[in-house]
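Visitor: Sharing a structure below in structure tokens format, with a few things to ask.
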Amino acid sequence: MDMKTISTLTMVLWGTLAITQIGCSDAEVLDNNMEEERLALNDLNTQIYALPQETLSNAEINGLMHLREEEKLAQDVYLFLYQKYGTNIFNNIGQSESTHMAAVGSLIEKYGLTDPVDTNGPGVFENQELQDLYDTLVAQGSESLLAAYRVGATIEDLDLYDLAQMLAQVDNQDITLVYENLSKGSRNHMRSFYGKITGEGATYTAQFIDQALLEAIVNSPKETGSH
């Protein structure tokens, strides 16, 4: 089974889960910004292949390998938390993460790299650090719904930090395009999780990005459109 087929099946699975696990009334309150984000990211494949295929540096290769599994980690954790709590934010953002993962997969396919995800199922990772992190986050998120929201913020915090580091090492146009779009998506996800946390009368302190950047993100409007 090739990567496009795997990515398509992943997205179909998410769609099936959304239909079978949430009622009509829940579907009607899907976050419009998340939907716009998914639509914009779905158009990335066309943009990716329209840009030239440039020489990859070792840093760019390593970044793609890591980010492919890091986006899978986000998807898998949110799927677990949605199944545990039935709270729609995990389904919404989980679907977005599936699209993020597919976009990185398209870059891996375009450059003929070996996909680290391959046919690995939920919660299974080639990168041992990400495997350990998945296990830790699932355990933390199982403690309470508030803890689960904090797990979501932690994932987006880490994604934003890693994407910023990777963008500083990238000069390929197609990779830059994808990373900038994923960064925007992660900022929107952070805004959503932070809002849930503060809605519970709690707060979240940045663990990876600067606290000043976190505050700038959560105190600014959600972003729409594509880069």
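Visitor: Got a sec? Which residues in the stretch 111-147 would a label at Q83 touch, if it sits 7 Å along Cα→Cβ and we count backbone N under 19 Å?
Guide: 118-126, 131-145, by backbone N distance to the label point.
Visitor: Quick one: if the Förster radius is 45 Å, what FRET efficiency do N58 and A139 give, using the C-beta to C-beta distance and rounding to 0.05? Walk me through the numbers before you get to the answer.
Guide: Working: r = 34 Å, r/R0 = 0.76.
Here the calculated transfer efficiency is 0.85.
Visitor: Measuring with a 1.4 Å probe in the full set of protein chains, what accessible area per residue, in whole Å², belongs to the stretch 137-227? Write out the running numbers ahead of the final one.
Guide: Details: 3860 Å² over 91 residues.
Result: 42 Å² per residue.
Visitor: Sticking with this one: Considering only Cα-Cα distances, which of the following residue pairs are longer than 20 Å: K72/K222; K184/K222; K110/K184; K84/K184?
Guide: Pairs exceeding the cut-off: K72/K222; K110/K184; K84/K184.
Visitor: In a Debye calculation with equal point scatterers on the alpha-carbon sites of the stretch 120-160 and no solvent, what is log10 I(q)/I(0) at q = 0.29 Å⁻¹?
Guide: Rounded to two decimals, the profile gives -1.01.
Visitor: Could you calculate the FRET efficiency of F208 with K110 from 1/(1 + (r/R0)^6), where r is the beta carbon distance between them and R0 is 25 Å, rounded to 0.05? Walk me through the numbers before you get to the answer.
Guide: Details: r = 29 Å, r/R0 = 1.14.
It comes to 0.30.
Visitor: In whole Å, how far is the Cα centre of the stretch 137-177 from that of the stretch 99-136?
Guide: If you average the Cα positions of each part, the centres end up 14 Å apart.
Visitor: Something else: Under 14 Å from the 7 Å Cα→Cβ point of E200, by amide nitrogen: which residues of the stretch 128-160?
Guide: Only 138-155 fall inside the zone, counting backbone N under 14 Å.
Visitor: Need the full-extension length gain, Y49 to D118, defined as separation in residues times 0.36 nm minus the C-alpha distance. One decimal, nm. Numbers along the way, then the final one.
Guide: On the way: separation 69, 0.36 × 69 = 24.84 nm, distance 2.12 nm.
The span from Y49 to D118 would gain 22.7 nm if fully extended.
Visitor: Taking a 1.4 Å probe, which of T46, T136 shows the most accessible area, and what order do the others take after it? Before the final figure, lay out each step's value.
Guide: Numbers: T46 95, T136 65 Å².
From most accessible down to least: T46, T136.
Visitor: Contact order normalised by length for the stretch 96-219, with contacts defined as Cα pairs under 8 Å and 6 or more residues apart; what percent is it?
Guide: Details: 88 pairs, mean separation 30.0, N = 124.
Computed over the stretch 96-219, the figure is 24 percent.
Visitor: Which whole-number percent of Cα pairs in the stretch 91-204 have a distance greater than 16 Å?
Guide: On the way: 4264 of 6441 pairs.
Beyond 16 Å sits 66 percent of the P(r) for the stretch 91-204.
The values are calculated or read from the model by the stated rules, or taken from the named source; none is laboratory data. Predicted model, so just to flag it, every value in this text is computed and none were measured. Every residue, glycine as well, gets a Cβ built from its backbone with ideal geometry; the counts of neighbours run over all protein chains shown. Only protein heavy atoms, including side chains, enter the accessible area calculation; ligands, DNA and RNA are left aside. Shrake-Rupley method; radii C 1.70, N 1.55, O 1.52, S 1.80 Å.
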